[in-house]
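*Asks:* I'd like to ask some things about the structure below.
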Amino acid sequence: MELTLEKTREAASRLSAVKTYGHFIDGEWVGGSDGTTIALENPATREVLAHIQAGSASDVNRAVEAAAKALPKWSCSSAPQRQALLRAIAQRIRERQFDYAMMETLNNGKPISDAFSHDIPGAAGQFDYFAGTAFHIYGQTLDFEDTTVIVHREAIGVVAQIIPWNVPMLMAAAKLAPALAAGCTIVLKPAEVACLSVMAFIEDIADLLPPGVVNVVAGHGSVVGQPLVSHPLVRKVAFTGSRPTAQKIIGYAAANIIPQTMELGGKSANIVCDDADIEAAAQSAATSTIFNKGEVCVAGSRVFVHEKVEDQFLEAFARRLAAVRQGDPVDPETQLGAMASKAQFDKVSGYLELGPQEGARAFFGGKAAQVEGLSDGYFIEPTIFTDVRNDMRIAQEEIFGPVTSVIRWRDEDEMLKLVNGVEYGLAGGLWTQNLTRAHRMTRAMETGLIWVNRYFNFKPGIPSGGYKQSGFGRELCLATLDHYTVTKSVVINLNTN
Ligand code: NAI
Ligand code: MG
């Protein structure tokens with residue numbers, strides 16, 4: 001399907017017919033226990049799009065009990081049954097690809113062309129991928145002269161999944177698909193900032209889901225987080241979001257000693273060597289700066305450029321940012337949309353002020369952007385900071401906006417120390433034509449995922465997750481299933497005595 005402004009405008013008015021979503025518990029849409037709601041807003045216009053429930057501990061309790069009730073049957077379902085469900089869900093996503101993309105655009109501010117070509121196909125892809133794994137979840141046997149050991153692999157149980165607002169559908173898919181493939185039942189808490197697409201998606205697949213297998217409780221994380229994660233019937237928590245919130249969740253998880261997977265932020269290094277393809281490296285830096293407005297956990301927000309090619313690289317990088325079309329997220333021509341919320345706009349604006357105070361220079365951009373006809377929108381210019389030292393806060397802290405810091409280097413060992421000199425370690429990039437150097441440098445980098453000669457080279461099944469304070473556990477891959485299963489070893493004596 002070809003996107004046109006006419007189609008997206010029509011869809012925007014059709015999909016922003018303000019409605020109120022309940023919680024989804026035990027296969028039914030139900031109101032919250034106290035009737036309080038939260039408005040979902042369009043960050044490009046500040047229009048209200050829909051309302052969700054501001055959940056409470058008692059809503060959480062109902063959802064967890066429904067998940068626990070559904071567990072015995074779903075955890076014993078067969079591989080064909082789980083595969084069929086995952087494939088049917090992928091199919092439903094494809095059927096409404098455009099509408100979900102529009103809902104992501106309206107609620108999150110991301111350009112429709114990205115939502116349509118990246119986020120929604122990516123979400124369907126998670127269900128495809130884990131559908132393929134459903135037949136490959138099994139235990140093992142060990143044989144001894146007098147003993148046979150059967151290792152069963154079982155669903156871990158009821159899982160709590162807490163997801164963020166930057167890529168709502170992708171996150172919902174990346175959490176739900178492996179848990180369903182493993183036979184777990186789920187209580188999902190979407191982000192109160194942006195979850196319109198997720199609520200509509202759950203509504204659309206409700207008829208496919210056995211009651212209680214997937215439950216959704218909306219609300220403020222600060223209110224529903226603790227009762228959800230510390231509920232005695234919850235056996236695992238998976239979280240994507242900020243480090244301070246992760247620290248709280250890890251604390252809640254201590255109540256019942258449940259395992260956690262944590263996908264937190266990053267301050268990933270994109271390293272440009274003197275033998276790099278400079279135009280390609282500059283393109284990758286520009287894409288990383290603007291993609292999803294920089295609200296991307298794996299963004300390459302620190303570029304380390306070799307001094308010999310720095311001028312050439314900066315010229316090419318700025319030239320590309322100058323050509324970026326920033327504007328109405330609904331316009332198919334738009335490449336850079338609006339920050340997802342006022343909170344995120346304020347946070348990024350704060351770093352734009354901080355950079356020059358710390359001695360950095362806004363080589364390109366550096367302030368809020370004005371978009372014609374959308375004066376209330378939360379727009380930020382694509383920004384390059386130069387004269388950056390790695391110990392500045394703009395180089396250490398996750399900005400989560402269209403802002404990239406460029407750091408010059410000469411000596412490889414010194415540069416690698418700086419690359420590793422952050423608390424995070426989620427992703428990274430490397431540009432060189434020299435194979436030996438590429439292997440040497442990637443092995444030295446303390447990070448969970450490195451793209452050589454193409455940033456954001458996403459393929460299904462790549463283990464993804466953090467080193468250090470970027471979290472633990474690996475998602476989007478086979479190893480994810482280990483997080484949703486436990487083994488039981490049955491040791492059978494063969495001696496008849
Ligand atoms: P957050 O981590 O607070 O929000 C993510 C999710 O956690 C939301 O569903 C929220 O409701 C929930 N949450 C909040 N407090 C909770 C609690 N006490 N217990 C359980 N769940 C809770 O992120 P926030 O504040 O919206 O964004 C702040 C920064 O976090 C961003 O600027 C960015 O740097 C980082 N972030 C990183 C993401 C990533 O992909 N790694 C995604 C979103 C945010
Ligand atoms: Mg927060």
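Readers should treat all values here as calculations from the given coordinates under stated rules, not as data from a laboratory. A quick note: this is a predicted structure, and the numbers were derived from the prediction, not measured. Using ideal geometry, Cβ is built from the backbone for each residue, glycine included, and neighbour counts are taken over all protein chains shown.
*Asks:* Among the polar types (S, T, N, Q) and near ligand 1 (Cβ under 7 Å from one of its atoms): is that true of THR261 in this structure? So that I can check it myself, show each step before the final result.
*Replies:* On the way: among the polar types (S, T, N, Q): yes; near ligand 1 (Cβ under 7 Å from one of its atoms): no.
When the stated conditions are applied, THR261 does not pass them.
*Asks:* Take the range 333-368 and flag every residue that is among the charged types (D, E, K, R) and within 15 Å of ligand 2 (Cβ to nearest atom).
*Replies:* Residues satisfying the conditions are LYS342, ASP346, LYS347.
*Asks:* Taking the conditions exactly as written (away from ligand 2 (no atom under 12 Å from the Cβ), β-branched (Val, Ile, Thr) and loosely packed, with under 15 Cβ neighbours inside 10 Å), does ILE257 satisfy them or not?
*Replies:* yes
*Asks:* Also: Does the range 131-178 hold any residues that are in contact with a helix residue (DSSP H, G or I) (Cβ under 9 Å, 6 or more places away or on another chain) and of a type in the set (Asp, Glu), and which are they?
*Replies:* Passing the criteria: only GLU154.
*Asks:* Of the residues ALA124, ALA115, ALA67, which is in contact with a strand residue (DSSP E or B) (Cβ under 6 Å, 6 or more places away or on another chain) and of a type in the set (A, V, I, L, M)?
*Replies:* ALA67
*Asks:* What do you reckon, is ALA362 without any contact (Cβ under 8 Å) to a residue 40 or more places away in the chain and either of a type in the set (Val, Ile, Thr) or surrounded by 14 or more Cβ atoms within 10 Å (Cβ to Cβ) (or both)? It would help to see each step written out before you state the result.
*Replies:* Numbers: without any contact (Cβ under 8 Å) to a residue 40 or more places away in the chain: yes; either of a type in the set (Val, Ile, Thr) or surrounded by 14 or more Cβ atoms within 10 Å (Cβ to Cβ) (or both): yes.
For ALA362, the condition - without any contact (Cβ under 8 Å) to a residue 40 or more places away in the chain and either of a type in the set (Val, Ile, Thr) or surrounded by 14 or more Cβ atoms within 10 Å (Cβ to Cβ) (or both) - is met.
*Asks:* Strands (runs of 3 or more DSSP E) wholly in the range 127-207 with at least 1 residues that are surrounded by fewer than 16 Cβ atoms within 10 Å (Cβ to Cβ) and more than 16 Å from ligand 1 (Cβ to nearest atom) - which ones?
*Replies:* 140-143, 147-155
*Asks:* Just checking, does the range 313-336 include any residue being more than 10 Å from ligand 1 (Cβ to nearest atom), closer than 25 Å to ALA444 by Cα and out of contact with any His (no Cβ under 7 Å at 6 or more places or on another chain)? Working first, answer last.
*Replies:* Applying the first criterion (more than 10 Å from ligand 1 (Cβ to nearest atom)) to the range 313-336 yields 313-336.
Those still in the list that are closer than 25 Å to ALA444 by Cα too: 313.
Subsequent filtering for residues that are out of contact with any His (no Cβ under 7 Å at 6 or more places or on another chain) retains 313.
Checked the range 313-336: at least one residue is more than 10 Å from ligand 1 (Cβ to nearest atom), closer than 25 Å to ALA444 by Cα and out of contact with any His (no Cβ under 7 Å at 6 or more places or on another chain).
*Asks:* Within the range 370-395, which residues are of a type outside the set (Ser, Thr, Tyr) and closer than 19 Å to ALA285 by Cβ?
*Replies:* ILE380, GLU381, PRO382, ILE384, PHE385, ASP387, VAL388, ARG389, ASN390, MET392, ILE394, ALA395, listed by residue number.
*Asks:* Please work out which residue is farthest from ligand 1 (Cβ to nearest atom), limiting yourself to the range 264-274 and to residues that are closer than 17 Å to SER301 by Cβ and out of contact with any Cys (no Cβ under 8 Å at 6 or more places or on another chain).
*Replies:* VAL272
*Asks:* Of the conditions (1) closer than 24 Å to ALA323 by Cβ; (2) surrounded by fewer than 21 Cβ atoms within 10 Å (Cβ to Cβ); (3) small (Gly, Ala, Ser); (4) under 23 Å from the mean Cα position of the chain (by Cα), SER405 fails just one. Which one is it?
*Replies:* The single condition SER405 does not satisfy is (2).
*Asks:* For the range 217-260, what are the residues that are closer than 15 Å to VAL193 by Cα and out of contact with any strand residue (DSSP E or B) (no Cβ under 9 Å at 6 or more places or on another chain)?
*Replies:* Residues satisfying the conditions are SER222, VAL223, SER242.
*Asks:* Just one of (1) under 21 Å from LEU264 (Cβ atoms); (2) touching a Ser or Thr at 6+ places or on another chain (Cβ under 9 Å) trips up HIS220, so point out which.
*Replies:* (2)
*Asks:* Of the residues that make up the range 234-250, is at least one within 7 Å of ligand 1 (Cβ to nearest atom), within 24 Å of ALA66 (Cβ to Cβ) and touching a Gly at 6+ places or on another chain (Cβ under 7 Å)?
*Replies:* Yes, there is a match, as at least one residue in the range 234-250 is within 7 Å of ligand 1 (Cβ to nearest atom), within 24 Å of ALA66 (Cβ to Cβ) and touching a Gly at 6+ places or on another chain (Cβ under 7 Å).
*Asks:* Can you tell me which condition HIS23 does not meet? The list is (1) in contact (Cβ under 8 Å) with a residue 12 or more places away in the chain; (2) exposed (fewer than 15 other Cβ atoms within 10 Å of the Cβ), and all the others hold.
*Replies:* (2)
*Asks:* Among (1) surrounded by fewer than 18 Cβ atoms within 10 Å (Cβ to Cβ); (2) closer than 21 Å to VAL213 by Cβ, which single condition is TRP74 missing?
*Replies:* (1)
*Asks:* Follow-up. Can you tell me which residues in the range 211-248 are touching a residue at least 60 places away in the same chain (Cβ under 8 Å) and more than 23 Å from ILE52 (Cα to Cα)?
*Replies:* Those that are touching a residue at least 60 places away in the same chain (Cβ under 8 Å) and more than 23 Å from ILE52 (Cα to Cα): LEU233, VAL234, ARG235, LYS236, ARG243, ALA246.
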